[in-house]
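The values are calculated or read from the model by the stated rules, or taken from the named source; none is laboratory data. Nothing here was measured: the structure is a model prediction, and the numbers come from that model. As a convention, Cβ positions derive from the backbone with ideal geometry for all residues, glycine included, and neighbour counts pool all protein chains shown.
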Amino acid sequence: MRTQVAIIGAGPSGLILGQLLHKAGVDAVILEAQTGEYVLGRIRAGVLEQVAVDLLDEAGVGARMHAEGLPHSGFDLLIGGTRHHIDLAGLTGGKQVMVYGQTELTKDLMDARAAAGLETVYEAKDVSVHDFDGKRPRVRYVKDGAPHEVECDFIAGCDGFHGVCRASVPQQAITNFERVYPIGWLGLLSDTPPVSEELIYAKTERGFALCSMRSHTRSRYYLQVPLSEKVEDWSDEKFWNELRLRLDAKAVDQLVTGPSIEKSIAPLRSFVAEPMRFGNLFLAGDAAHIVPPTGAKGLNLAASDVRYLARALIEFYAGSKAGIDHYSEHCLRRVWKAERFSWWMSMLLHNFPDMNPFEQRALDAELDYVVHSLAGRTTLAENYVGLPFED
């Protein structure tokens, strides 16, 4: 098989890239190790920056998002039992975020790809990338027991943190930066109406909590827990009881509980791999970086990566190498700003067992400054809705 771009991974980053390239007339094949049903079953992010919303519109897949998604112009910080409203729109000149589940976004992208008759190979096993440092990159895989090879001009590594693409780069050619946090998020998804019209981020003596949603009838809640916790030790009743202890009286009164659809514990990690280009292999999304979920940046960073990558590849086929030559530089400037923001939000809103009293007092003072200062709230809002692209 011959194509211009071989995309490894059919998550949101790979699917968005494929859609943007298709709209520009660039050939691409997507290879995915899992089934389509497995990909759709991943319970992940749900808050989209304004720039991510604009990108999905550009890709031609934004109609259902606008019809069913929930635009949010602010959120609440619940600190010591007191709520502080962060007016995103008022602080950023009208910018908002969109609450729209990653599962729904992925379905829209899959449907668009199927409607256009574009090729996605699911259950592609033993994927390997070859000769990406030369002029004839190749991708090999096994499908239904038979070996296959794809010749291409470029390989886009959109295959996640544990994927083959980053792992195939020579160790001496890549530098990894990482911070692992000693806590996790216990998440519960339920078909219950949200406790509030907007998100609530809560910092309490018992730990962090987040009240989020996927729709008017589906809610997503999180609790900070030690990494030693096991999800099977948390019954639904235990989860709801602990959540009540971390909310204010108004939220407790409005909380509607019900059986969980999904429950899991996600560890918190910050990770960046530099650079993000190796010859004709480009890393994007979780293959290159991970952020703690506190700042709602994971999916949004993946979208910004593939925005840069799609433009770079389209420019290449139009006769310019400037985009691919500067891809890593452009991406990493944005990546590190999002990493900083997610780290900062995580440090402000969680309780850390290894933090000394001085550090905790200093962070408490910073959080107090943020909520009571126009400059502090503006900084928070500008980063939350998404910083502008530096094209």
Task: Test for L210: is it more than 22 Å from L109 (Cβ to Cβ) and buried (at least 22 other Cβ atoms within 10 Å of the Cβ) - done: yes
Open item on the list: With the requirement that a residue be more than 30 Å from G134 (Cα to Cα) and part of a strand (DSSP E or B), what does segment 256-281 give you?
Closed with: S260, I261, E262, K263, S264, I265, A266, P267, L268, R269, S270
Task: Close pairs (7 angstrom Cβ cut-off, 6 or more residues apart or separate chains): closer than 15 Å to S342 by Cβ and among the acidic types (D, E) in segment 198-212, surrounded by 21 or more Cβ atoms within 10 Å (Cβ to Cβ) and modelled with pLDDT of 95 or more anywhere - done: none
Task: Residue check, I174 crowded, with 19+ Cβ neighbours inside 10 Å and of a type outside the set (F, W, Y) - done: no
Open item on the list: Quick check on segment 62-78. Is at least one of its residues in contact with a helix residue (DSSP H, G or I) (Cβ under 6 Å, 6 or more places away or on another chain) and of a type in the set (D, E, K, R)?
Closed with: yes
Open item on the list: Restricting to segment 141-163, name every residue that is in contact (Cβ under 8 Å) with a residue 24 or more places away in the chain and in a strand (DSSP E or B).
Closed with: Y141, H148, E149, V150, E151, F154, I155, A156, G157
Task: Considering residues of segment 291-300 that are part of a helix (DSSP H, G or I) and either of a type in the set (S, T, Y) or in contact with a strand residue (DSSP E or B) (Cβ under 8 Å, 6 or more places away or on another chain) (or both) only, the residue farthest from P267 (Cα to Cα) - done: N300
Open item on the list: Restricting to segment 32-66, give me the number of residues that are closer than 14 Å to A296 by Cβ and either among the β-branched types (V, I, T) or in a strand (DSSP E or B) (or both).
Closed with: 4
Open item on the list: Here is a list: R166, R218, R179, R138. Which entry is touching a residue at least 12 places away in the same chain (Cβ under 8 Å) and crowded, with 21+ Cβ neighbours inside 10 Å?
Closed with: R166
TODO: Among the residues of segment 67-89, write down those that are without any contact (Cβ under 8 Å) to a residue 12 or more places away in the chain and either of a type in the set (A, V, I, L, M) or in a helix (DSSP H, G or I) (or both).
DONE: A67
